[in-house]
Amino acid sequence: QPLLGAEPVGFPRVDTSQQRARDNDRREILNEELRAEEQKLADQRREFNNGEPPRNGNERNYAKYQERVGQMREDIGRTERNIEALRREIGNIR
C-alpha cells in the first residue's frame, strides 16, 4: 500500500527534459497573457484619463457618467490584479 503523498504504483513519470519543455511552454503562454494584460491596462488607463474620461453623448446625466467612471476604475483594478497573479505564477515556474 503506497504512503500518503507518494505517487501511486504505475503512475507515469515525466522525464526532466520533457518537464522542462512543458514548463517553458507554460512560461511562454503566461508571458503572452501578461503582455496582453499589460497592453489592456495601458489602454484602460489612457481611456480613464486620470478619472476624467470624456463624456459620452448619452451621459448628460452626471450619475450615469460617474457610474461609468466607477466601472472603469473597477476594471483597471481587476486588470492590475490579473497582472500580479500572472507575475506570481510565472515566478513559481521552475
Practice item. Read phi for every residue in segment 63-70 and hand back ³J(HN,Hα) as whole Hz from Karplus 6.51 cos²θ - 1.76 cosθ + 1.60, θ = phi - 60°, with x for Gly and Pro. Key: 5, 5, 4, 4, 4, 5, 4, x
Practice item. Please find, in a Gaussian network model of the chain (springs between Cα atoms separated by less than 10 Å), the residue of 33, 80, 67 whose mean-square fluctuation is greatest. Key: 67
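With every protein chain present, what is the per residue accessible area of the chain (1.4 Å probe, Å²)? Write out the running numbers ahead of the final one.
Working: 7640 Å² over 94 residues.
Each residue of the chain exposes 81 Å² on average to a 1.4 Å probe.
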Exercise for review: Please determine, in degrees from 0 to 90 and to the nearest 10, the orientation of helix 16-48 with respect to the longest principal axis defined by the Cα atoms of the chain, where the helix direction is its Cα long axis.
Suggested key: 10 degrees
Exercise for review: Would you kindly find the accessible area of residue 40, with a 1.4 Å probe and non-protein molecules such as ligands, DNA and RNA excluded, rounding to the nearest 10 Å²?
Suggested key: 90 Å²
**Study point:** Accessible surface of residue 38 - all protein chains present, 1.4 Å probe, nearest 10 Å²
**Key:** 70 Å²
Review point. In whole percent, how big is the carbon plus sulfur part of the accessible area of the chain, probe 1.4 Å, protein atoms only?
Key: 47 percent
Study note, to complete from the structure: Read-out log10 I(q)/I(0) by the Debye sum over Cα atoms at q = 0.11, 0.16, 0.20, 0.23 Å⁻¹, candidates (i) -0.28, -0.62, -0.99, -1.32; (ii) -0.28, -0.59, -0.92, -1.19; (iii) -0.55, -0.79, -0.98, -1.09; calculated match is (iii)
Revision key, fill the gap. Ignoring ligands and nucleic acids, residue 16 exposes an accessible area, probe 1.4 Å, in Å² to the nearest 10, of 90 Å²
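With runs of 4+ DSSP H residues as the only contributors, calculate the mean residue ellipticity of the chain at 222 nm using -39,500 (n - 2.57) per run, divided by the residue total and rounded to the nearest 500. Could you put the intermediate results ahead of the total?
Details: 2 runs with 64 residues, N = 94.
-24500 deg cm²/dmol, from helical runs alone.
The values are calculated or read from the model by the stated rules, or taken from the named source; none is laboratory data. Nothing here was measured: the structure is a model prediction, and the numbers come from that model. These accessible areas exclude ligands, DNA and RNA; they are computed on the full protein's heavy atoms, side chains included. Shrake-Rupley method; radii C 1.70, N 1.55, O 1.52, S 1.80 Å.
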